[in-house]
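Take a look at the structure set out below.
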Amino acid sequence: MRVTENLSELRTIRRALPGVFGLIPTMGALHEGHASLIRRARLECDHVGVSIFVNPTQFVPGEDLSKYPRTIEKDLALLGSLGVDAVWTPTPEVMYPDGYQTWIAVDKVSRPLEGAHRPGHFCGVATVVTKLLHSFTPDRAYFGQKDAQQVAVLRRMVADLNFSVELVVCPIVREPDGLAMSSRNAYLGPQERNAATVLYRALSAAKARFDAGERGAEALRDAVGEMIAAEPLVTAQYVSVADPDTLEELPEAASGALLSLAACVGETRLIDNILL
Ligand code: PAF
């Protein structure tokens with residue numbers, strides 16, 4: 001496994017890896033969710049690259065940029081064991097050198113939900129993913145369904161800007177008690193960790209109501225909101241029933257609609273979703 005911080009070295013490494021190339025962009029603090037993306041890429045591609053970069057431009061002021069977990073030695077050991085060929089670990093100076101002034105803004109689909117609570121977040125994501133795609137030139141790039149709006153934003157960007165890459169979206173990986181895997185779960189104290197299980201329980205209960213015939217989006221949102229409100233350590237920020245591509249709210253839930261939420265568990269903000 002070749003590891004570099006340097007862009008021209010990355011390009012040299014990449015040129016020596018022929019065939020179908022798969023990229024898994026990450027911010028490090030790798031967990032089983034990332035491992036599932038890498039395993040899938042290994043099955044589908046001849047060579048696999050991973051980027052590890054805690055992207056400052058996707059954190060809004062007051063967020064956890066400085067305390068975001070950085071576990072590079074452990075991450076590299078995991079990537080080695082998973083058979084990754086190339087790892088790029090650029091510094092912020094490599095990614096955003098002095099004088100940097102180019103941004104990718106994906107318009108409507110970036111606005112609601114996460115975009116409304118984290119203004120500028122998706123501009124940072126779209127910009128850094130563009131740079132990662134240009135640097136690695138992968139045939140496929142792998143993302144987790146947990147960041148459902150990120151997936152919708154990146155799909156729009158790839159289509160609008162004629163990127164020559166296939167986005168592959170992989171299922172959410174959950175802990176045995178249902179909590180979606182996230183690097184931010186590391187922030188949770190034991191009581192918070194326990195309380196956080198309400199998120200998936202609430203989504204699953206609403207999905208059960210959908211499966212039993214409920215189609216009213218408001219009823220489904222309320223079902224989730226009420227279960228979360230009963231858990232004192234958890235505060236919901238939004239609950240949404242939306243079109244999975246446009247993120248527009250739906251009055252009536254249809255099969256394939258995205259039921260998503262963001263909530264604070266103590267100080268930790270988590271997101272989760274389920275497809276109806
Ligand atoms: O999903 C993430 O970890 C990040 O948003 C990504 C895609 C690596 C961009 O920084």
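Residues in region 14-37 that are among the small types (Gly, Ala, Ser), within 16 Å of the ligand (Cβ to nearest atom) and closer than 16 Å to VAL87 by Cα: GLY22, GLY28, ALA29, ALA35. Cβ-Cβ contacts under 7 Å between residues 6 or more apart (or on different chains), taken from a first residue in region 253-276 that is assigned to a loop (DSSP other than H, G, I, E, B) to a second residue that is hydrophobic (A, V, I, L, M, F, W, C) and crowded, with 24+ Cβ neighbours inside 10 Å, are listed as ALA253/LEU220; ALA253/VAL241; ALA257/VAL241; LEU276/ALA253; LEU276/LEU259. Considering LEU113, LEU76, the condition of being in contact with a Phe, Trp or Tyr (Cβ under 7 Å, 6 or more places away or on another chain) and away from the ligand (no atom under 12 Å from the Cβ) is satisfied by LEU113 alone. For region 218-225, the count of residues that are touching a helix residue (DSSP H, G or I) at 6+ places or on another chain (Cβ under 7 Å) and not in a helix (DSSP H, G or I) is zero. Picking from residues in region 38-73 that are away from the ligand (no atom under 14 Å from the Cβ) and among the basic types (Lys, Arg), the one that is nearest to ALA86 (Cα to Cα) is ARG42.
If I ask for residues that are surrounded by fewer than 17 Cβ atoms within 10 Å (Cβ to Cβ) and either in contact (Cβ under 8 Å) with a residue 24 or more places away in the chain or more than 17 Å from PHE122 (Cβ to Cβ) (or both), which ones from region 143-160 would you list? Hit for region 143-160 is ASP160, nothing else. Scanning region 98-157 for residues that are in contact with a strand residue (DSSP E or B) (Cβ under 6 Å, 6 or more places away or on another chain) and on the phi > 0 side of the Ramachandran plot yields a single hit, LEU113.
Quick check: is even one residue across region 59-82 surrounded by 13 or more Cβ atoms within 10 Å (Cβ to Cβ) and touching a Pro at 6+ places or on another chain (Cβ under 9 Å)? Within region 59-82 (the criterion being surrounded by 13 or more Cβ atoms within 10 Å (Cβ to Cβ) and touching a Pro at 6+ places or on another chain (Cβ under 9 Å)), the answer is yes, since at least one residue qualifies. Close Cβ contacts (under 9 Å, 6 or more residues apart or on different chains) running from residues in region 1-19 that are assigned to a loop (DSSP other than H, G, I, E, B) to residues that are among the small types (Gly, Ala, Ser) comprise MET1/GLY80; MET1/GLY83; MET1/ALA86; LEU17/GLY49; LEU17/ALA86.
A short reminder: the numbers here are calculations on the coordinates, not readings from a lab. Predicted, not measured: the structure shown is a model, and the values here were computed from it. Note that we place each Cβ from the backbone using ideal geometry, even for glycine, and neighbour counts take in every protein chain shown.
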